[in-house]
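A.B. asks: Right, I'll just put the structure down here and ask away after.
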Amino acid sequence: MKILVIGNGGREHAIVWRLARDAGGHELYCAPGNAGTAALAANLPIGAEDLPAIVAWAKANRPDLTVVGPEAPLCAGLTDLLEAEGLRVFGPSKAAARLEGSKAFAKEVMTAAGVPTARAAVFTDSEAAVAALGDFGLPVVIKADGLAAGKGVVIAQTRAEAEAAIRDMLDGGRFGAAGAEVLLEEFLEGEEASVFALCDGERVALLPAAQDHKRVNDGDEGPNTGGMGAYTPAPIATPEVMGAVRDQVVLPTLRELRRLGVAYRGVLFCGLMIGPKGVRVLEFNCRFGDPETEAVLTSLEGDLAPILLACAEGRLDPAAVRVLPGAAATVVMAAPGYPGAYPKNLPISGTEAAEAAGCVVFHAGTALREGRLVTSGGRVLAVTARGADLRAAVDAAYAGVAKIHFEGAHFRRDIAAKAFRHL
Ligand code: AMP
Ligand code: GLY
């Protein structure tokens, strides 16, 4: 198949890498891609948010399938534009992507569908929101409705913090239009997990659960990041939990969307809190997660492209989605200073040695300068390994990390520590 992948992070490198391993191979393109995808696909000089240029390329080159990585082009309607040209797309329509693009819409759908989630209320007026704080107790969660690059959630420990966050978003225009509506939400206790549900509008296949590591330092300390590592399967997501995710979360959500005239085709990323009250949805995303995808896609058995195409065409056979035994772990190596300001263009060495030792080194923020691999982002590499069990996968990933060098590289040393507490 001729396949176009949209995006330029570790997630997109993992998608391209997995497609390249399908039996028979494919003709792969990535827009814009990175130094990692360049080894497996033709990188196109087209930005992931340049919808007119993507559509023009697709009209001229007629890919059999387009796989959209990030949320911004999905929420902007890239799928609708390509489908209007008679092209197949893995990734939800603009209307379906609102599950990520509007947290208020996601709450409405979940409430109508009876999906377990935190109690919430939506406000456009700061006085009304402040007046409602008493209904939620402390801590309370305050969320901007729209896309805010992962920064639109505040967990307020005090009433003063909560009021400041509300006023900042609704009166101060902190997130622009994305913060013109604000949700107050009940704080949920428990442990988080990410489950990717492949959907064709009606049918669902769950991929094994993963856990992200959001904070920059070991022990979940320090500021938030885009994700410092992941592993799969997550033992917290027992078979009972996975059954609840399918039957109480994903299937009712798809049913409610169909009632609204919307077919969700693509991956529905369920951000879950698993706690004393069972499984509850923290958020939906309309795309694969990063860095969970780097671990999860290395665990897939068989060919990926036919599964994605079947989702796009509304004919997914969930039994065709099979998973390898064992486990996978991903350790993100970040630039010095990340998630604050960081330098670029630091030369990277040792990726071949890590791959020779059995890792897959996914590129997140890299570039080729005069033939040399250098850093070009905050999260630089997502070093991934599989193993017969989680301990073996984690050890193999860290053995790969030890072979890679760039000045000031930092990474968490406790990826999957939570899992070992459960096992
Ligand atoms: P979201 O973008 O909605 O997933 O929120 C980002 C992060 O905030 C989540 O990954 C959780 O760590 C945390 N969070 C969001 N909502 C809640 C909640 N209701 N209770 C506790 N933590 C939350
Ligand atoms: N790993 C979390 C996300 O991709 O949003």
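A.B. asks: State yes or no: is Phe362 among the aromatic types (Phe, Trp, Tyr) and under 23 Å from Val67 (Cβ atoms)?
C.D. replies: Yes.
A.B. asks: State which residue is nearest to Leu316 (Cα to Cα) when the search covers only the stretch 247-302 and only residues that are hydrophobic (A, V, I, L, M, F, W, C) and in contact with a Gly (Cβ under 6 Å, 6 or more places away or on another chain).
C.D. replies: Ala263
A.B. asks: I need a count of the residues in the stretch 109-119 that are touching a helix residue (DSSP H, G or I) at 6+ places or on another chain (Cβ under 9 Å) and open to solvent by 40 Å² or more (accessible area, probe 1.4 Å).
C.D. replies: 3
A.B. asks: Restricting attention to the stretch 120-160, which residues are touching a residue at least 60 places away in the same chain (Cβ under 8 Å) and either away from ligand 1 (no atom under 12 Å from the Cβ) or open to solvent by less than 20 Å² (accessible area, probe 1.4 Å) (or both)?
C.D. replies: Ala121, Val122, Phe123
A.B. asks: Among (1) over 23 Å from the mean Cα position of the chain (by Cα); (2) in a helix (DSSP H, G or I); (3) more than 27 Å from Ala388 (Cα to Cα), there is one condition Glu355 misses while meeting the rest; what is its number?
C.D. replies: Here Glu355 clears every test but (3).
A.B. asks: If you take the residues in the stretch 177-191 that are surrounded by fewer than 19 Cβ atoms within 10 Å (Cβ to Cβ) and assigned to a strand (DSSP E or B), which one is farthest from ligand 1 (Cβ to nearest atom)?
C.D. replies: Taking the candidates together, the pick is Glu191.
A.B. asks: For the stretch 199-223, which positions are in a strand (DSSP E or B) and either surrounded by fewer than 15 Cβ atoms within 10 Å (Cβ to Cβ) or more than 16 Å from ligand 2 (Cβ to nearest atom) (or both)?
C.D. replies: Selection gives Cys199, Asp200, Val204, Ala205, Leu206, Asn217, Glu221, Gly222, Pro223.
A.B. asks: Next question. Out of all the residues in the stretch 358-372, which are buried (at least 21 other Cβ atoms within 10 Å of the Cβ) and in a strand (DSSP E or B)?
C.D. replies: Val360, Val361, Phe362, His363, Thr366
A.B. asks: When you go through Gly226, Gly243 one by one, which is the residue that is within 11 Å of ligand 2 (Cβ to nearest atom) and not in a strand (DSSP E or B)?
C.D. replies: Answer to the check: Gly226.
A.B. asks: A further question follows. All but one of (1) over 26 Å from Asp212 (Cα atoms); (2) at pLDDT 95 or above; (3) not β-branched (Val, Ile, Thr) hold for Gly25, so report the exception by its number.
C.D. replies: Going through (1) over 26 Å from Asp212 (Cα atoms); (2) at pLDDT 95 or above; (3) not β-branched (Val, Ile, Thr) one by one, Gly25 breaks only (2).
A.B. asks: If I filter the stretch 42-52 for residues that are buried (at least 24 other Cβ atoms within 10 Å of the Cβ) and of a type outside the set (D, E, K, R), do I get at least one hit?
C.D. replies: Scanning the stretch 42-52 turns up no residue that is buried (at least 24 other Cβ atoms within 10 Å of the Cβ) and of a type outside the set (D, E, K, R).
A.B. asks: Now a separate question. In the stretch 50-84, what count of residues is obtained for those that are of a type outside the set (A, V, I, L, M), within 20 Å of Arg11 (Cβ to Cβ) and touching a Leu at 6+ places or on another chain (Cβ under 9 Å)?
C.D. replies: So the answer is 5.
A.B. asks: Sticking with this one: For the stretch 75-106, which positions are open to solvent by 50 Å² or more (accessible area, probe 1.4 Å) and under 16 Å from the mean Cα position of the chain (by Cα)?
C.D. replies: Arg98
A.B. asks: Is there any pair linking a residue in the stretch 269-292 that is among the aromatic types (Phe, Trp, Tyr) to one that is within 8 Å of ligand 2 (Cβ to nearest atom), with Cβ under 6 Å and at least six apart or on different chains, and which?
C.D. replies: Cβ pairs passing all conditions: Phe269/Asn285; Phe269/Gly289; Phe288/Arg11.
A.B. asks: Filter the stretch 25-62 for residues that are touching an Asp or Glu at 6+ places or on another chain (Cβ under 8 Å), not in a helix (DSSP H, G or I) and not hydrophobic (A, V, I, L, M, F, W, C); which is nearest to Pro306 (Cα to Cα)?
C.D. replies: Per the stated criteria, the residue is Gly33.
A.B. asks: Hey, another quick one. Does the stretch 195-209 contain at least one residue that is under 21 Å from the mean Cα position of the chain (by Cα) and either within 14 Å of ligand 1 (Cβ to nearest atom) or hydroxyl-bearing (Ser, Thr, Tyr) (or both)?
C.D. replies: yes
A.B. asks: Looking only at the stretch 322-341, which residues are farther than 21 Å from Leu390 by Cβ and crowded, with 16+ Cβ neighbours inside 10 Å?
C.D. replies: Within the stretch 322-341, Ala334, Ala335, Pro336, Tyr338, Pro339 qualify.
A.B. asks: Additional query: For the stretch 380-416: of the residues being more than 13 Å from Val361 (Cβ to Cβ) and without any contact (Cβ under 8 Å) to a residue 60 or more places away in the chain, which is surrounded by the fewest Cβ atoms within 10 Å (Cβ to Cβ)?
C.D. replies: So the residue we want is Asp395.
A.B. asks: Considering only the stretch 63-110, give the helices (runs of 4 or more DSSP H) lying wholly within it that have at least 2 residues that are among the hydrophobic types (A, V, I, L, M, F, W, C) and more than 16 Å from ligand 1 (Cβ to nearest atom).
C.D. replies: 78-83, 94-101
A.B. asks: If you don't mind, there's one more thing I want to ask. Tally the residues that are of a type in the set (Lys, Arg) and either modelled with pLDDT under 95 or within 16 Å of ligand 2 (Cβ to nearest atom) (or both), restricting the search to the stretch 270-285.
C.D. replies: Result for the stretch 270-285: 1.
The values are calculated or read from the model by the stated rules, or taken from the named source; none is laboratory data. Nothing here was measured: the structure is a model prediction, and the numbers come from that model. Because the Cβ atoms are built from the backbone with ideal geometry, glycine has one as well, and the counts that use them run over all protein chains shown. Note: accessible area is taken over every heavy atom of the protein model, side chains too, but ligands, DNA and RNA are not part of it. Shrake-Rupley method; radii C 1.70, N 1.55, O 1.52, S 1.80 Å.
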